[in-house]
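Report on the structure given below.
Derivation of every value follows stated rules applied to the coordinates shown; laboratory data play no part. Quick caveat, the model's predicted, so the values are computed rather than measured. Note: ideal-geometry Cβ built from the backbone for every residue, glycine included; neighbour counts use all protein chains shown.
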Amino acid sequence: MVSPNEPLPEREAEGKREARHFIGALAGEVDSCQQACLHCHEVCRKIAFDVSAGAGQGMRLDDVRLLFECAELCQLSANWQLSGSQYCRQICAVCAQLCRECESRCAGKMNMEECEYVCRRCAESCEAMAAMA
């Protein structure tokens, strides 16, 4: 006889399928966010070096500093996601905030469209990661 507190085999099997689906979706989100962070790191770092080498583009010193900070934080975020750090959500939240600021500073500047786009994409991905329970 089955006790009322014991899960039915069908319910248990369904719960396991749902858990596998959730874990698979979560892994996909993490991978997507890692890729967005790595791409943002690459683009912001390249632009920061190009600008600091004299390309100008109407960027102030604090704009260049922000590009470097954004690049480094995106790298850190990707690394911590990869390691499965318990602080990943907090790092992603800060990364999203910095990417939004970088996106805003790049907006409307000549030859900065790629930076604006990758920062927006990274911010959206990091915001989704930070919101995961």
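Some notes on this structure:
- Stretch gain in nm, segment Ala128-Ala93, where the contour uses 0.36 nm per residue and the Cα spacing is subtracted: 11.7 nm
- Neighbourhood charge, 13 Å Cβ-Cβ cut-off, centred on Asp50 and excluding it, Lys, Arg +1 and Asp, Glu -1: 0
- Within-10-Å neighbourhood charge of Leu98 [Cβ basis; K, R +1; D, E -1]: -3
- Neighbourhood charge, 14 Å Cβ-Cβ cut-off, centred on Met110 and excluding it, Lys, Arg +1 and Asp, Glu -1: -3
- For Leu76 and Glu113, the FRET efficiency from 1/(1 + (r/R0)^6), where r spans their Cβ atoms and R0 equals 25 Å, is about 0.50.
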